[in-house]
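The values are calculated or read from the model by the stated rules, or taken from the named source; none is laboratory data. Here the structure is a predicted model, which is why all the values come from computation and not from measurement. We place every Cβ from the backbone using ideal geometry, glycine too, and count neighbours over all the protein chains shown.
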Amino acid sequence: MRAAVLGAGAWGTTFAAVLADAGCDVMLWGRDEGVAQEILATHRNERFLPGIVLPRGVVGTTDAGEALEGAELVAVALPSQRVRGIVAPFASLVRRDAIVVSLMKGIERGTLDRMSELLGQTWDVEPERRAVVSGPNLAKEIAAKQPTATVIASQSEATAEAVARATASGYFRPYTNTDVMGVELSGAYKNIIAVAVGIADGMGFGHNTTATVMTRGLAEMTRLGLALDAKPDTFSGLAGMGDLIATCASPLSRNHTLGAHIGAGSELAEAITLTGGTAEGVTTSQSIQEFATSHGVDVPICTAVVAMLHDGQPKEAVLGALLARPRKAEGV
């Protein structure tokens, strides 16, 4: 299969390698000429994946037309809050029969569009040709060919299976799913919970607190998902619990890292700088809070993250308010 990946950061570059290892010819597009030339000349992207040698099937370019020409599969790995403006000029370059794959885990501010919806609108792609990749996808571990599983979701089982065939290898095991809403919501929401866990870690709390935030965060995620007609099993699977564990526990997670800086006393702007990359949970927390409010769903951990990051409320006061909430049965 001829594939194009838009976004030459860590995850885009890693997914390009996954496709190439599965037998695809891959053009990897990015706006940084130095990165593209390095990939062409040395099969490396030292800025985002230091020490990793990419398969020879990955070719770097800054020319979107070159990347998209003839591509049967187009995967997009760009910052969720900027992706619409970046990819809009490429609409006429995407084949009308191409499968469009979102690798992004966010909700657009203002529109509250999920990433597959955004790409569908921007490129006029019907739902049956869209797919979403989610799960425990820490880029550097996958780039090092450490074994992992992922979920590929599409309204069309045939589309999900086509992407699975294009990515399956000895270290990358894809499972298919038709619950696009649940998979995308899980991918976006777990970043918020990872920020909350990072804040708790930065404040010096231990494993009991981490386990509490993760477990109640999963309950929140599931509660909102069910209100949006997602399938409950999705949240206990790879896209839900699996990705939540990886993102909350790993030092490779930018969302956890940013939270830890906040917990240790940094202001948001400083924490973003110290993190050194996009932490999608920062903005997505506001989008999810809007989603939840419009559907009458209680999301206290998400609300707490918004209060700490965006409303300037002290961490200690927010934590106290969380713990002072009325007691209830666990399953409610």
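Selection within the range 191-212: residues that are crowded, with 24+ Cβ neighbours inside 10 Å and among the β-branched types (Val, Ile, Thr). The member of this set that is farthest from GLY106 (Cα to Cα) is ILE199. Among the residues of the range 88-103, is any under 22 Å from ARG2 (Cβ atoms), in a loop (DSSP other than H, G, I, E, B) and under 15 Å from the mean Cα position of the chain (by Cα)? The answer is yes; a qualifying residue exists. Scanning the range 175-217 for residues being part of a helix (DSSP H, G or I) and within 26 Å of ARG130 (Cβ to Cβ) gives a total of 15.
Applying a threshold of 8 Å to beta carbon distances and a minimum spacing of six or more residues, or different chains, the list of pairs starting in the range 150-163 at a residue that is without any contact (Cβ under 8 Å) to a residue 60 or more places away in the chain and assigned by TED's automatic domain parsing to the domain that holds ARG130 and ending at one that is part of a strand (DSSP E or B) and among the aromatic types (Phe, Trp, Tyr) reads ILE152/TYR175.
If only residues of the range 248-294 that are surrounded by 24 or more Cβ atoms within 10 Å (Cβ to Cβ) and either assigned by TED's automatic domain parsing to the domain that holds ALA139 or touching a Cys at 6+ places or on another chain (Cβ under 7 Å) (or both) are counted, the one that is nearest to LEU228 (Cα to Cα) is ILE288.
Would you check which residues across the range 218-231 are in contact (Cβ under 8 Å) with a residue 40 or more places away in the chain, part of a helix (DSSP H, G or I), out of contact with any Gly (no Cβ under 7 Å at 6 or more places or on another chain) and of a type outside the set (A, V, I, L, M) and list them? Within the range 218-231, GLU220, ARG223 meet the criteria.
Identification of helices (runs of 4 or more DSSP H) wholly contained in the range 233-332 with 1 or more residues that are touching a strand residue (DSSP E or B) at 6+ places or on another chain (Cβ under 9 Å) and either over 16 Å from LYS190 (Cβ atoms) or modelled with pLDDT under 95 (or both) yields 281-294.
Residues in the range 169-190 that are surrounded by fewer than 17 Cβ atoms within 10 Å (Cβ to Cβ) and closer than 17 Å to ALA239 by Cα: ARG173, TYR175, THR178.
Among the residues making up the range 104-126, those that are under 21 Å from GLU290 (Cα atoms) and either in a loop (DSSP other than H, G, I, E, B) or outside the structural domain of LEU28 (by TED's automatic domain parsing) (or both) are MET104, LYS105, GLY106, GLU108, ARG109, GLY110, THR111, LEU112, ASP113. When the range 49-68 is filtered for residues that are part of a loop (DSSP other than H, G, I, E, B), surrounded by fewer than 14 Cβ atoms within 10 Å (Cβ to Cβ) and either hydroxyl-bearing (Ser, Thr, Tyr) or more than 22 Å from the chain's Cα centre (by Cα) (or both), the ones remaining, listed by number, are GLY51, VAL53, ARG56, ASP63.
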